[in-house]
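Enquirer: My questions will all concern the structure given below.
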Amino acid sequence: MEDREQVLLRRVERERRARKEAEQILNEKSKELWNTNQKLQQVNEQLDQIVQIRTSELQMAKTKAELESFAHKKAKERFQLAMRATSAGVWEKNIVDNVWYFSERLTSMFGYSEEELLFGFKNLSFIHNEDKKTLLHVLKKHFRERKAFDCECRVQTSNGRYKWFWVVGQAVWNENGDVIRIAGSFSDIDERVENSKLVEKMAHYDHLTMIPNRVLYNQELDVALSKAQSNKDSLAVILIDLNDFKQVNDTLGHSAGDHLLHHIASQFKLNIRESDIVARLGGDEFSIVLTNVSDPQFVVKKCEQIIEAISSPFYYQRNLIMPKMSMGIAIYPEYGSNREELMINADLAMYKAKGDKGNGSGYQFCEQEHINKNIERTELSVELDKAITEKGFFMRFQPVIDLTRGEMIFAEALLRWKHSKKGEMLPEKFIPVAEESGLITRLGGLSIELLVQQVDRIMSAKRLEKLTINIIPSHFLSQSFIVQLQELINTHPDISQYMTIEITEAVFLMNIEAAKSIIFQLHGMGFSISLDDFGTGYSSFKYLQELPIEVIKLDSSFIAEIDIDPSHRTIASTIIELSHSLGIKVIAEGVETNSQLAFLQDHHCDFAQGSYFFKPLSIIELLHMQRGVSLLPNS
């Protein structure tokens, strides 16, 4: 029994220890499980945070993608809108995918379908042949230097017309240096180019005749000279001046003058070769350059051909116009190695032709004699300038005789140059030089100054009533002329009653309105006005009717022929009679014979001067002369 209890007790003890150990193990496992749960909870919390972050990131990415998609859509819409709004036509090629894009504007400007554009872009078939080389050069340079390219070229549109476009473009390269895309645009610049051409033409072409003007002429002549030098050829520079062009303007109006210029230019163009040059240099001055001149006789034939072509009379508004011209020729290289020398020598020859023209057209080759005379004139102008500064001039006086009373009434003051080597020089020797060199105004001012110095001396001796001074047209029309006389009156209040201003009809041909204005001013200042050389050139009694002219001088050319030419006697007597009917006195100049004097007296000419009475006198000789003249017939 006891053994059974002990056994039972031991069993109970074992079970108790076993339960205790199991509880202990269970506690340890529970603790491990709790720790594991704690770790799992932490992991779950971390995972939740990660999920929240990723969810937020995904939401942001989604929002960004939606915004980017919206922006891309808007950008695409803006791009499409810009393509529709821009005046340029846009093109693009994706080289990787071999895909082309052409904007609607481009297809509209060119008038081609996309297939036609694709063909045109691949072989540049619509680019003008003259511009393909330029465009290809620009493209090659672009691929080499990787800078945006641009150039101007002509594109043939679908209607067959070429128009100017400005091409701009840029290629894109990848990291390997391969071109992956290229794009560009065409802008229509046709109107601007045409306007630019028009402006260029206006700058280089005469607007009336539409032939080159002086600017383009100089450029073309320089090119022609360069070619002639390289090829060892000759060429001829011909300067042309129309004769009596101003007379056409003054009598028939400027529209007639314009018509004449246009007619002349047309005839020039018709009678020269394509390689030759024709230009209007200004006014009625033209020039023709004949290239490849192998023989001077060719130039002669061409000049005669041109003269014959322009010499045919034609009508303008029922008025007959008979063109005439003078031509001066300088051959390269004999008479000029450059443009300036050729123009100067052709100009010398032209003035020689103008002097020899008579009543028609003519031409003259430049000769060494012309060049020598020009050198002499240049040297003379230098000496003349110095002489004016140093007042190396003096006056001689030719008396004018009253044919009724036989007395010296007044005298014409004649300017003389006291040249250190050539002695006393007459005006015809130095006046042209003064005009060409721009010294005439100074010289004219000096002549008035010299005359004023003698007025008091002559008038106080009571030898004359007035002195006459001849004023050169260019001096008469200058601003300084009236100013000098006004200053003269301020210092010599009575001077105007002792001076007669003598002019020629050339002042009316140069500027009729200015001449009239000055004459009325002189009359208002108290000066008498005399019209010299009447009967030569374009004489008109209209001036005598309109202007306060008191005296006219019958030109010596009529007096010289009175004895042998009946027409001259008729003209002289008519002028005297008409002048008297207008209350104007007449002086006959150049009287040399008794028969001439008798004719003038018979026709009641008022005054005369010439070697028959007196040659020009010094101031001393004039002061010692008697006023009465015993050389009149029946005196």
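Enquirer: If you check Gly360 against the conditions, is it surrounded by fewer than 21 Cβ atoms within 10 Å (Cβ to Cβ), out of contact with any Lys or Arg (no Cβ under 8 Å at 6 or more places or on another chain) and not aromatic (Phe, Trp, Tyr)?
Expert: no
Residue by residue, here is whether (1) open to solvent by 30 Å² or more (accessible area, probe 1.4 Å); (2) farther than 19 Å from Glu502 by Cα; (3) outside any loop (DSSP other than H, G, I, E, B) holds:
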position	(1), (2), (3)
Ile587	no, no, yes
Glu592	yes, yes, no
Ser595	yes, yes, yes
Cys605	no, no, no
Phe613	no, yes, no
Leu622	no, yes, yes
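Enquirer: Scan segment 282-299 for residues that are open to solvent by less than 20 Å² (accessible area, probe 1.4 Å) and either at pLDDT below 90 or not in a loop (DSSP other than H, G, I, E, B) (or both) and report the count.
Expert: Count: 6.
Enquirer: Would you point out which residue out of Tyr315, Tyr332 is open to solvent by 70 Å² or more (accessible area, probe 1.4 Å) and aromatic (Phe, Trp, Tyr)?
Expert: One residue alone meets the criteria, Tyr315.
Enquirer: Which one of these does Glu92 not meet: (1) within 27 Å of Asp178 (Cβ to Cβ); (2) without any contact (Cβ under 8 Å) to a residue 60 or more places away in the chain; (3) out of contact with any helix residue (DSSP H, G or I) (no Cβ under 7 Å at 6 or more places or on another chain)?
Expert: (2)
Enquirer: Let me ask something else. Among the residues of segment 500-518 satisfying the criterion of being modelled with pLDDT of 90 or more and over 21 Å from Glu435 (Cβ atoms), which is least open to solvent (accessible area, probe 1.4 Å)?
Expert: Thr500
Enquirer: Identify, from the list Phe314, Phe268, the residue that is hydrophobic (A, V, I, L, M, F, W, C), at pLDDT below 90 and in contact with a strand residue (DSSP E or B) (Cβ under 9 Å, 6 or more places away or on another chain).
Expert: Selected residue: Phe314, the only one of Phe314, Phe268 that is hydrophobic (A, V, I, L, M, F, W, C), at pLDDT below 90 and in contact with a strand residue (DSSP E or B) (Cβ under 9 Å, 6 or more places away or on another chain).
Enquirer: Of all residues in segment 140-194, how many are among the basic types (Lys, Arg) and in contact with a Ser or Thr (Cβ under 8 Å, 6 or more places away or on another chain)?
Expert: 1
To keep it simple, each residue is scored yes or no on (1) open to solvent by 70 Å² or more (accessible area, probe 1.4 Å); (2) in a strand (DSSP E or B).
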site	(1), (2)
Leu384	no, no
Ala387	no, no
Met395	no, yes
Thr404	yes, no
Glu412	no, yes
Leu415	no, yes
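Enquirer: Out of curiosity, is Ile552 modelled with pLDDT of 90 or more, assigned to a helix (DSSP H, G or I) and surrounded by 17 or more Cβ atoms within 10 Å (Cβ to Cβ)?
Expert: No, not satisfied.
Enquirer: Looking at Ser226 and the list (1) open to solvent by 70 Å² or more (accessible area, probe 1.4 Å); (2) in a helix (DSSP H, G or I), which single condition is not satisfied?
Expert: (1)
Enquirer: Right, another one. Any idea which of (1) at negative phi; (2) in contact with a Ser or Thr (Cβ under 7 Å, 6 or more places away or on another chain) is the one Ser474 doesn't satisfy?
Expert: Here Ser474 clears every test but (2).
Enquirer: Quickly run through segment 431-448 and pick out the residues that are within 12 Å of Ser381 (Cα to Cα), under 30 Å from the mean Cα position of the chain (by Cα) and part of a helix (DSSP H, G or I).
Expert: Pro432, Val433, Ala434, Glu435, Glu436, Ile440
Enquirer: Output the number of residues of segment 539-549 satisfying the condition of being open to solvent by 40 Å² or more (accessible area, probe 1.4 Å) and of a type in the set (Ser, Thr, Tyr).
Expert: Total satisfying the criteria: 1.
Enquirer: Can you name the strands (runs of 3 or more DSSP E) wholly within segment 91-203 that have at least 3 residues being surrounded by 11 or more Cβ atoms within 10 Å (Cβ to Cβ) and touching a Leu at 6+ places or on another chain (Cβ under 8 Å)?
Expert: Per the criteria, 149-156.
Enquirer: I've got another one for you. Taking strands (runs of 3 or more DSSP E) that fall entirely within segment 304-371, which contain at least 1 residues that are touching a residue at least 12 places away in the same chain (Cβ under 8 Å), more than 22 Å from Leu235 (Cα to Cα) and of a type outside the set (Phe, Trp, Tyr)?
Expert: Those strands (runs of 3 or more DSSP E) span 319-321.
Enquirer: Test of understanding: among Asp532, Asp563, which residue is modelled with pLDDT under 90, surrounded by 21 or more Cβ atoms within 10 Å (Cβ to Cβ), out of contact with any Phe, Trp or Tyr (no Cβ under 6 Å at 6 or more places or on another chain) and not in a helix (DSSP H, G or I)?
Expert: After applying the criteria, what remains is Asp532.
Enquirer: Checking the conditions here, which among Gln497, Gln479 is within 24 Å of Glu589 (Cβ to Cβ) and open to solvent by 40 Å² or more (accessible area, probe 1.4 Å)?
Expert: Gln497
Enquirer: Note down all Cβ pairs under 8 Å where the first residue falls in segment 225-240 and is over 10 Å from Ile329 (Cα atoms), the second is crowded, with 16+ Cβ neighbours inside 10 Å and among the basic types (Lys, Arg), and they're at least six residues apart or on different chains.
Expert: Correct list of pairs: Leu225/Arg339.
The values are calculated or read from the model by the stated rules, or taken from the named source; none is laboratory data. Keep in mind that this is a model prediction, so the values were computed, not measured. Backbone-built Cβ (ideal geometry, glycine too); neighbour counts: all protein chains shown. For accessibility, only protein heavy atoms count, side chains too; no ligands or nucleic acids. Shrake-Rupley method; radii C 1.70, N 1.55, O 1.52, S 1.80 Å.
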